[in-house]
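The values are calculated or read from the model by the stated rules, or taken from the named source; none is laboratory data. Please read these numbers as outputs of a predicted model, since none were measured by experiment. Note: ideal-geometry Cβ built from the backbone for every residue, glycine included; neighbour counts use all protein chains shown. Each accessible area value is taken on the protein alone, full model and side chains, heavy atoms only, with ligands, DNA and RNA left out. Shrake-Rupley method; radii C 1.70, N 1.55, O 1.52, S 1.80 Å.
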Amino acid sequence: LLLDGTAMCWGNNDFGMLGIGNTSRSFTPLNVSGNHKFKQISSGLTHTCGILQDGTAMCWGVGNFGQLGTGDGSSSWIPVNVSGNHKFKEIGVGYSYTCGLLLDGTAMCWGSNTDGRLGTGGSTTGILYVPTNVSGNYKFNKISVGISHTCGVLLDGTAMCWGSNLYGRLGTGNTIDSLIPVNVSGNHKFKEINLGEQHTCGVLLDGTAMCWGKNTEGKLGTASALDSSVP
C-alpha cells in the first residue's frame with residue numbers, strides 16, 4: 001500500500017491475484033486496477049483482498065471456492081466488491097477462503113469450509129459464497145488466517161482457533177478438528193497471533209511469545225523437535 005492508499009502488486013500472477021487485469025507475472029510493482037484506495041491488504045496463494053478506506057472489502061484472483069465473496073464461484077483479474085456492503089477493520093486471506101473482522105469485532109468468513117476453517121459450524125464439504133458469521137458471536141481484536149485453520153484474539157486477550165487441528169495447531173490440547181471457535185489452552189492473554197501452514201504463534205501482553213503445532217525444523221522455537229498441542 002502506498003501512503004495514499006493505492007495498492008501495488010508484483011510476482012506470480014497465474015490466477016490474476018495481482019489485480020492488474022491480466023495473468024502476466026511482474027518483476028516490479030504494478031498498480032492494482034481501479035485506482036481504489038485501501039487501508040489494509042492481505043495476499044494468499046491464489047487470491048488477494050483489501051479493505052477500502054470506507055471499510056468495504058474487495059477481492060481478486062481465484063474464486064472457484066467462493067473465496068472472493070461475490071456470491072458465486074467466479075474468478076476475477078481485477079478487484080470486485082465483497083457481497084453485503086459489510087464494514088471491515090481487518091481481513092485475512094487463506095487457502096481457498098477469506099475471513100474478516102467487522103468494525104464491532106464480529107468475525108465473518110467465506111469460501112471453502114474444508115476442516116471447518118470458516119468456523120460457521122456448517123458442513124466441512126460446504127462452500128459459502130458470501131460472508132457468513134463465525135459461530136458464537138465472539139468479538140475479536142485480531143484475526144489471523146492460515147492454510148486450513150483460523151485464530152483470533154478476543155477483546156480480553158484470550159485466543160480462540162478453529163478448523164484443521166492436525167499437529168495440534170489449534171492449541172486445544174488435542175488434534176481434533178473444530179467447526180466452531182474453541183479456546184486455546186492456558187487462558188493466556190495475547191495481543192497478536194499469527195498462523196503458519198501447520199503451526200501457530202502468538203505474542204503475549206508482556207511481549208513474550210508462545211507457539212504450538214508442528215515443530216519440524218524447530219519452527220516452534222522451543223529447543224526441541226517435538227510437536228505441541230498447547231502453547
Return the only residue of Asp54, Asp72, Asp115, Asp104 being surrounded by fewer than 22 Cβ atoms within 10 Å (Cβ to Cβ), touching a Ser or Thr at 6+ places or on another chain (Cβ under 6 Å) and charged (D, E, K, R).
-> Asp115
The residue from Gly105, Gly21, Gly16 that alone is closer than 29 Å to Leu154 by Cα and either touching a residue at least 40 places away in the same chain (Cβ under 8 Å) or not aliphatic (A, V, I, L, M) (or both) is Gly105
Is it the case that Asp72 is more than 25 Å from Phe140 (Cα to Cα), touching a residue at least 12 places away in the same chain (Cβ under 8 Å) and in a loop (DSSP other than H, G, I, E, B)?
-> yes
Tyr95 fails exactly one of the following numbered conditions: (1) buried (at least 19 other Cβ atoms within 10 Å of the Cβ); (2) not in a loop (DSSP other than H, G, I, E, B). What is the number of that condition?
-> (2)
Find the residue count for region 162-208, including only residues that are of a type outside the set (Gly, Ala, Ser), more than 23 Å from Ala225 (Cα to Cα), in contact (Cβ under 8 Å) with a residue 24 or more places away in the chain and in a strand (DSSP E or B).
-> 8
Hey, among the residues in region 183-202 that are open to solvent by 40 Å² or more (accessible area, probe 1.4 Å) and closer than 23 Å to Thr125 by Cα, which one's farthest from the chain's Cα centre (by Cα)?
-> Gln198
Residue count, region 54-67 (criterion: farther than 13 Å from Cys99 by Cβ, assigned to a loop (DSSP other than H, G, I, E, B) and not aromatic (Phe, Trp, Tyr)) | 6
Residue satisfying all of: in region 203-231; open to solvent by 50 Å² or more (accessible area, probe 1.4 Å) and among the aliphatic types (A, V, I, L, M); farthest from Leu166 (Cα to Cα) among these | Leu205
Which of (1) surrounded by 15 or more Cβ atoms within 10 Å (Cβ to Cβ); (2) over 27 Å from Asp104 (Cβ atoms) is the odd one out, the single condition Ile176 does not satisfy?
-> (1)
Of all residues in region 118-133, which are touching a residue at least 40 places away in the same chain (Cβ under 8 Å), over 13 Å from the mean Cα position of the chain (by Cα) and assigned to a loop (DSSP other than H, G, I, E, B)?
-> Thr120, Gly121, Gly122, Thr124
Unmet requirement for Asp156, which otherwise passes all of (1) part of a strand (DSSP E or B); (2) surrounded by fewer than 19 Cβ atoms within 10 Å (Cβ to Cβ); (3) charged (D, E, K, R) = (1)
